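Note sheet for the following structure.
The values are calculated or read from the model by the stated rules, or taken from the named source; none is laboratory data. The model shown is predicted, which means the values in this text are computed figures rather than measured ones. Here the Cβ positions follow ideal geometry from the backbone for every residue, glycine too, while neighbour counts run over all protein chains shown. Just so you know, the surface numbers come from the protein's heavy atoms only, side chains and all, with ligands and any DNA or RNA stripped out. Shrake-Rupley method; radii C 1.70, N 1.55, O 1.52, S 1.80 Å.
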Amino acid sequence: MDHTRVPMVEALVDFRRRGDVAYGPPGHRKGRGVDPRLLEVLGKGLFAADVLSLNGLDDRRQSNGILEQAQDLMADAVHAEHAFFSTCGSSLSVKSAMMSVAGPGEELLVSRNAHKSVVSALIIAGIRPVWVHPHADEELHLVHPPEPDDVRRALADHPRAKGMLLITPTDWGTCADIAGVAAVCHDAGVPLIVDEAWGAHLPFHEDLPTWGMDAGADVVVTSVHKMGAAIEQSSVFHLQGDLVDPSVLKAREDLLGTTSSSSLVYLTLDGWRRQMMEQGHELLSAAMSRADRIRRAVEKLEGLSVMGREVVRPQGAFDLDPLVLTIDVRGLGITGYSATEWLRDTCHVDLSAADTCRISARITQGDDDRTEDVLVAALDQLVARSDEIDRAPEVAFPRPGALELETVMRPRDAFFGPAEQVPTEQAVGRIVAEMISPYPPGVPVLVPGERITAEVVEYLRTGKAAGMLIPDSADPEFSTLRVVA
């Protein structure tokens, strides 16, 4: 295919050349109706590119043909048979994928380190999750993805499960054995969905972890806004093989998606695909070299420890994304939460993620010498001035396996059923009716339908006191919990 083509971008250029005057949405009329004070901040170009897709960039005779051309080019670029653009982020894409594989009351294997958007899909669709638990790393206090044998055992115990959802890379850059898990699923005749939201860059360089489509996954969801160069909410979900019907996948997306898709998302997805096909290898080589230089510089800073390929081992990670810098700060006597806040307040450096033990920075094609120098200098300052940072109270980390809670009810039934708010200490032994997801990374510690334990309550209580954010809790102070009545 001709990857110099950008159908969506070409359609916008043609729209501007024709000088069409629109009398439908968007109501801002190419920015003419926008408050000048807002235009001063955002610029006229943004609104001039915000054009209705149908009867704007496209027309009724084309019937979304321009979008289909752009999606076909994307599929070809990443070795998929079909690609679908999403303007609602991978939160929508992963819901569409899950609902294409399993329906109400049916079982789906799900890696328990899934993002809250996955749990949202379980609630919306009424799917019964069969949790496949990741492997706890006691030293690092994080988890690594499930392995093929874990999936094989789960399928043996649940032969009626409709498929598997695997998360890779994780928020800390560790990757799963997609090919191994895909083989296990296909031996059982079921599809593998890969939530590869952090992996948009992976298809474009051989020195990066293997891309899900290349590893045999059936559906792969990715967030181009995360590690690519498209705007926020830019997502693509990809399909290959005959275990998932493309018309069903599209119908599920149509059920959940917006009927007012953002042309800005489509345009940036189209343009990013062309850039990666023409320059992606060079851009990613430079990014990996930059990440390696930063890694070596940080390793020289006393009190900081950068996670490396020592985690690639059995019961650990299968691979590691070299563009993710996961840095343990416990040697400074501080938490990742306080380190992140200090770096933002003092150095105006915003990081990708943080937890009690670590911080994370991601390097992309958009970084340059200046951003490299700023990050290294900021981390150097963090080390030099760490004694200025208040020491957080100790967090009661749960024992390995303590987060593998008993599922008593379907998430949907617990979430929508009768519920009550009780003091947190009285919630132990009750069935939780809400999601409790420390953010970032947004992986629920409590999923509706699980039985609450004292150890989990203590972990969340002490974690919040140490700086953990729990934005989806009905009670922002976490003094009460919503439980099934």
Task: Ser285, sole failed condition from (1) outside any loop (DSSP other than H, G, I, E, B); (2) buried (at least 17 other Cβ atoms within 10 Å of the Cβ); (3) among the polar types (S, T, N, Q) - done: (2)
- [ ] Residues being surrounded by 19 or more Cβ atoms within 10 Å (Cβ to Cβ) and over 18 Å from Ala114 (Cα atoms): count how many of those fall in the range 400-418.
- [x] 1
Task: Among residues of the range 238-272, those that are outside any helix (DSSP H, G or I), at pLDDT 95 or above and open to solvent by less than 50 Å² (accessible area, probe 1.4 Å), counted - done: 5
Task: Any pair with Cβ under 7 angstrom, 6 or more apart, that starts in the range 386-411 at a residue that is farther than 21 Å from Val132 by Cα and ends at one that is of a type in the set (D, E, K, R) - done: Ala396/Glu458
- [ ] Select from the range 179-200 the residues that are in a loop (DSSP other than H, G, I, E, B) and either touching a Phe, Trp or Tyr at 6+ places or on another chain (Cβ under 9 Å) or among the acidic types (Asp, Glu) (or both) and list them in ascending order.
- [x] Glu196, Gly199, Ala200
Open item on the list: Tell me yes or no: at least one residue of the range 376-393 is touching a strand residue (DSSP E or B) at 6+ places or on another chain (Cβ under 8 Å) and within 20 Å of Val324 (Cα to Cα).
Closed with: yes
TODO: Determine if the range 429-441 includes at least one residue that is at pLDDT 95 or above and surrounded by fewer than 17 Cβ atoms within 10 Å (Cβ to Cβ).
DONE: yes
TODO: Could you tell me whether Thr210 is surrounded by fewer than 22 Cβ atoms within 10 Å (Cβ to Cβ), β-branched (Val, Ile, Thr) and touching a helix residue (DSSP H, G or I) at 6+ places or on another chain (Cβ under 8 Å)?
DONE: yes
Task: Residue selected from the range 330-359 under the condition outside any loop (DSSP other than H, G, I, E, B) and either touching an Asp or Glu at 6+ places or on another chain (Cβ under 7 Å) or over 15 Å from Leu382 (Cβ atoms) (or both), by the criterion most open to solvent (accessible area, probe 1.4 Å) - done: Arg344
- [ ] Taking the residues in the range 288-321 that are out of contact with any Leu (no Cβ under 7 Å at 6 or more places or on another chain), open to solvent by 20 Å² or more (accessible area, probe 1.4 Å) and part of a loop (DSSP other than H, G, I, E, B) as candidates, determine which candidate is nearest to Gly212 (Cα to Cα).
- [x] Phe318
- [ ] Working only within the range 180-217, note down all residues that are of a type in the set (Asp, Glu), free of Cβ contacts under 8 Å to residues at least 40 places away in the same chain and within 23 Å of Trp272 (Cα to Cα).
- [x] Glu196, Glu206
- [ ] Mind listing whichever residues of the range 201-230 are over 15 Å from the mean Cα position of the chain (by Cα), part of a loop (DSSP other than H, G, I, E, B) and not hydrophobic (A, V, I, L, M, F, W, C)?
- [x] His205, Glu206, Asp207, Pro209, Thr210, Asp214, Gly216, Asp218
TODO: Could you tell me which numbered condition Gly180 fails, if it satisfies all but one of (1) out of contact with any Ser or Thr (no Cβ under 7 Å at 6 or more places or on another chain); (2) within 17 Å of Gln315 (Cβ to Cβ); (3) crowded, with 21+ Cβ neighbours inside 10 Å?
DONE: (3)
- [ ] Quick one: in the range 89-99, of everything that is open to solvent by 20 Å² or more (accessible area, probe 1.4 Å) and of a type outside the set (A, V, I, L, M, F, W, C), which residue is nearest to Leu264 (Cα to Cα)?
- [x] Ser91
